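Notes follow once the structure below has been shown.
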Amino acid sequence: MKENRKPKTRPYRSTLDNALWSFREILREAPIAFLLLALAVPLNICLAYTEVYLPSLAVAEVTAQASLAHMASRIGLVIALMLVSSVLLTFSGRMSENYLSIYTFRQSIKIERKSMTCFFQNYESKDIRDLSDRASRATQLWNGVCPISDVPLRSLKLIENFLCYLLFGSVISFVSPLLAPILTIAPAVNWFCARAYRNWEYAHRDRWTDIDRRLWYVQGETADFRAGKDIRIYGMAGWLRQVYSDLCGQRAFWNRQMAWRSFLSRIADLVVILLRDGAAYALLIKMTLEGELTVDRFLLYFSAISMFAAFIGNIMTEWNGIRSTSLAVCDFRQYLDFPEQDGTGEADADDHLHSAPEIALEHVSFRYKDAGTDTLTDLSLTLKPGEKVALVGLNGAGKTTLVKLLCGLYLPTEGDIRINGVSARKFRRNDYYRLFAPVFQDVQTGFFSLAETVSGQIGTGTDFDRAEQCLKLAGLGEKLASLPQGIHTKLDKQLYEDGIALSGGEAQKLMLARALYKDAPILVLDEPTAGLDPKERVKFRNIVSKLGNDRIVLLSTHIVSDVEHIADVILLMKDGAIIHKGSLEEIIQAIEGKVWECTVDSHAAERLMGQYPALNVREEKEGTFLRLVCGEKPAEHAVQAAATLEDLYLYYFSGEGQM
């Protein structure tokens, strides 16, 4: 049976298209760099010809027995021309390097801007993040080559070598009209070999991109100050070294593959050069011995053939180099061209910022890419202005997915989300974000000052009085008072000698202060107390519960005590669906009068736990204490107990509850 071959991968753009695009980009971003690079073309051509012509001229002057003055004037003129060309070439080369670095920096900014503004649902995809990594590498120096600036540089070098090819081809045509075509046709073998290598490299680039990503991740983790304690205490150093060693081995395998294939293509190149140049030099020697060429003409043609052969090789080298770096430019352009998903712009967030809006989800479903089932299924619910809503469910129930949908980070697979009756799809993405002030589970504090972190602005763009007020409102007043620089204290100890590191609770409060500073009508808290100690959790939820009714507060959590103290409305979520909605009192009505407590022997306990959902089991001296949910008295000495939200949570999410 024949092995199924992988479909051939075609580059995103052709080499010619990338070269023309590069010229347009460098003319727009760094026109002086382009002028300096273009100036090098005639200067290099001049130097190439004078280097060949000067020895022949000197021999011709000597053999003609010219006067010393005549000889000095002619040779001196050529040397002066070479000197001026060399000085100008050195100047243009140094200056163009500086301007090219500016051009490269500006291109790298485009990648960073794209990554920061790319629609989150797209950017979360591994394929897009891999493409982002490859696009970023196009602006970096790898093996002495920066692809984004190498394409225009090599393109001009290709033009330069082609002009030299025409010039020196004209010179050697005086020896034989067939010599130039024969020397030109021979390198075709080299071109096909190099082309095969480039195509193989492009088709397999995904393999080592993934390995490189993992290598960078392991390197980052080992260098991360926050991971230092775990690495030492849990003896993770050996494990990390082994993982890194395995990844290096995988990367080395692909490096060997590339080196071997490159070596084979180079061997073919050397064989062709030997046959091509050897035949040409043999012809010159034969013509000289037969008296058809003078010594100075022999020297000129010999040097011209050497240079001509070099220019043919250079043309092939530059073309192959352009083709190779063009593949990296393809990744760069493909990432920048990746289509953004944005709203129509028919709606304006300003119309909904003055007070808390009504949010309606209409038959909303969501499925992740390549997933077999929906994460959220046919959700329909309404969040009223001023409500404090708790979204409760197990990890994996779909709470965070729903939060991302509400915040505009995802788009529904089916259905619609409406703000005061207006479809979310009618808002521009950045405009829609203005309606939300989220505090996500993964806290990212950055390395700015406390005030700048709260405002999201640098320097004078921050309202420092307001930032301080929000920090105090979020519960960081005592912390500020203990800091010599107050709200101007920098974060991150690794960057600043006087920087600070916040505790988990302090970081959560800082993120809450940022959300309060934004003053959006919808405050979203995604697992805000996860990882906090009980004292910090109580402080945090007290702060949230005191927020006014001029906004919607959505709390996504699986911590029941937070819900009881904060929420007006509770949404129970299971398997991507809302199974209950109501106030605390309304929600627990589902099991009111069905919660029983009793203490029985071990055999009876085992039998009862097999019959009814067990909310609590505790071994005591008198026997096994049980807290059960059942519609009838489970045991003779059982006592009815008041139902709590935790009972309801355990009932529905223990796998025993029936909806």
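The values are calculated or read from the model by the stated rules, or taken from the named source; none is laboratory data. What you are looking at is a predicted structure, and each value in this text was computed from that prediction instead of being measured. For neighbour counting, all protein chains shown are included, and Cβ atoms are generated from backbone atoms with ideal geometry for every residue, glycine included. All accessible areas refer to the heavy atoms of the entire protein, side chains included, with ligands and DNA or RNA removed. Shrake-Rupley method; radii C 1.70, N 1.55, O 1.52, S 1.80 Å.
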Heavy-atom accessible area of Arg13 with all protein chains present, probe 1.4 Å, nearest 10 Å²?
80 Å²
Report ³J(HN,Hα) in whole Hz for each residue of region 521-529, in order, from the Karplus equation J = 6.51 cos²θ - 1.76 cosθ + 1.60 where θ = phi - 60°; Gly and Pro get x.
x, 10, 9, 10, 10, 9, 6, x, 9
Checked against the positive end of the charge dipole of the chain (+1 on Cβ of Lys and Arg, -1 on Cβ of Asp and Glu, about the Cα centre), the farthest of Ile148, Gly93, Phe440 is Gly93
By average C-beta atoms within 10 angstrom, highest first, the peptides 239-248, 562-571, 418-427
562-571, 418-427, 239-248
Partners for Lys110 among lysines (Cα-Cα distance below 23 Å; same-chain residues under 8 apart left out):
Lys126
Determine the alpha carbon to alpha carbon distance for each of Lys404/Lys490; Lys114/Lys472; Lys384/Lys479; Lys114/Lys426; Lys369/Lys594 and list only those over 32 Å.
Lys114/Lys472; Lys384/Lys479; Lys369/Lys594
In whole percent, what relative contact order does region 538-585 give with Cα contacts below 8 Å and a gap of six or more residues?
28 percent
Quick check on packing: order 116-129, 347-360 by the mean number of other C-beta atoms within 10 Å, highest mean leading.
347-360, 116-129
Contact order relative to length for the chain, counting C-alpha pairs under 8 Å separated by 6 or more residues, stands in percent at 12 percent
Take each uninterrupted DSSP H stretch in the chain, measure its Cα extent along the helix axis, and return the ones at 15 Å or beyond whose mean Kyte-Doolittle hydropathy is at least 0.0.
31-63, 68-117, 147-172, 237-289, 295-337
Apply the Karplus curve 6.51 cos²θ - 1.76 cosθ + 1.60, θ = phi - 60°, to the phi angles in region 364-374 and return the couplings in whole Hz, x for Gly and Pro.
7, 10, 9, 10, 6, 4, 6, 7, x, 9, 6
Ranked output for segments 521-527, 330-336 by mean other Cβ atoms within 10 Å, highest leading, reads 521-527, 330-336
Charges only on Cβ, +1 for Lys and Arg, -1 for Asp and Glu: so what's the dipole of region 295-357 about the Cα centre, in debye to the nearest 20?
1020 debye
